[in-house]
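Since every read-out is calculated from the coordinates, none of them should be taken as a lab result. Everything numeric in this text was worked out from a predicted model, so none of it was measured. Positions of Cβ are backbone-derived with ideal geometry, glycine not excepted, and every protein chain shown enters the neighbour counts.
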Amino acid sequence: MNAFTCADVGARLSAFRDGETPVDEQRAMRAHLASCSACAAQAGALESVGTLLRASAPVRTREQDVDLAHLSVRVVSQISAERDMAWPARVGRLFEDWHLVWAGLSGTTSAALCLVLVALLSAAVSPGTDRNPVAVRDAEMLPQVLSSSAFMPAALVSAATQTGELELALSGVVTREGRLADAELVKASFSEDVARLMIVQLAETRFEPASHNGSPVAVRVVWLFSRTTVRPAAPMNIDKPGANHIHLTADNAV
Amino acid sequence: MAEGLSVKPVSLDWASVGEAEAELVARCRTGDERACTALVEAHQRMVYQLALHLLGEHNEALDLSQEVFLRVFRTLHAFRGHASLRTWIYRIVINQARNRQRWWRRRKQREQVSLDDHLRRVGEVPDPGRSDDPETVVERKEVAACVWGALDRLPFDQRTAIVLREIDGLSYEEIAYSLGVAVGTVKSRLARARQQLREELRVA
Ligand SMILES: [Zn+2]
């Protein structure tokens with residue numbers, strides 16, 4: 001390799017100082033610096049700038065450390081609050097997203113109804129279990145409906161045929177005893193009366209509770225009803241406290 | 001100038017760091033408050049320190065640190081492990097600081113900054129522990145204030161690059177990721193930043 005000129009070296013000094021010069025140039029750099037006092041002085045100056053910067057970096061005072069010590073508490077409590085607040089909103093957004101998916105696939109939709117289950121293992125409603133929630137990994141972990149007829153009340157079906165449109169999101173907790181608790185209408189595209197009827201009927205439905213490691217666990221479930229037979233094939237994740245790896249599954253379609 | 005200058009940040013065993021990090025991130029995603037606290041505590045000093053260097057004021061830096069961690073948790077689902085968590089967080093700090101420093105800088109320019117003001121804002125100057133001689137202490141503080149002033153006058157991206165390199169010891173690749181630019185850009189920014197600092201600080 002040809003020897004470096006002062007200009008070659010000057011252009012590379014900064015990167016050389018940081019050890020970011022290509023290996024094949026390093027030897028030429030060192031050779032030049034060893035024999036050229038002008039370039040060596042330039043290198044020394046760069047070194048001094050670095051030393052000055054590090055020596056002038058402020059050290060934290062005790063007051064600053066005290067402020068910092070409160071940082072995690074403030075951040076974590078705000079994030080937890082946001083997560084709790086965001087839960088219905090997130091489900092609503094999820095629903096809208098799927099609505100778009102379904103709209104895009106409208107050529108293959110039919111008048112049949114499709115039931116989609118979103119199960120979220122909820123630590124808060126499963127006392128005695130670990131605070132760290134367990135991921136729902138397969139459909140076997142989802143609560144199974146024992147009396148499935150209750151899922152498709154006549155009123156709902158007729159609402160669907162009359163309006164030609166049906167979208168509904170219901171949220172609730174299927175307890176370890178297989179009962180529905182905290183049922184809540186998240187979103188409905190039609191009369192709330194019908195939706196309320198749905199909730200009443202769901203409340204009478206008995207479930208085989210979801211299980212994890214052989215024990216029944218409480219899970220938060222979202223039922224999304226739409227007027228379609230298109231099944232979302234891929235599992236999808238949404239963020240939720242106490243939830244993780246949520247599967248959307250149409251296996252329980254009626 | 002010696003070979004000893006080619007210092008790269010010493011990294012721990014990446015495989016194990018990655019695994020522990022991945023587990024912490026997974027727990028944070030489930031909303032595990034203890035994991036979230038651990039994540040903040042593991043990174044808060046470096047976040048605050050960088051924010052302080054970029055913004056030059058304690059309260060601003062503290063406020064920014066809080067915003068950064070909120071953003072970290074709000075976007076943690078997007079963290080794919082293609083960078084270390086630390087570098088990913090650096091990137092968030094820089095983006096937030098860049099947004100903020102536009103108006104912050106305008107506000108600051110209107111104020112005359114004395115040495116005492118400067119020290120009140122950034123905290124204490126490091127004490128090498130050599131001397132209690134008041135003159136030396138004052139002199140050192142003056143030098144530090146000069147250095148800070150010069151750093152402050154650099155364009156934001158140059159200042160960020162030089163701080164990440166000289167103080168945080170990041171590699172060019174990590175700096176490039178943090179700034180969202182190419183490695184070649186990092187190289188030229190560092191060279192320019194050093195040149196300007198040299199001239200301003202009259203380092204021969
Ligand atoms: Zn030379």
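A crude spin-label estimate for the pair A:Ser48 and A:Arg206, with each label 7 Å from Cα along the Cβ direction, gives 8.8 nm. Near B:Leu24: Cβ cut-off under 14 Å, other residues only, Lys/Arg at +1 and Asp/Glu at -1. The net charge is -2. Between the beta carbons of A:Val73 and B:Thr75, assuming R0 = 25 Å, the FRET efficiency works out to 0.75 to the nearest 0.05.
For the pair B:Glu33 and B:Asp63 in one chain, pulling the backbone fully straight at 0.36 nm per residue adds 8.7 nm over the alpha carbon distance.
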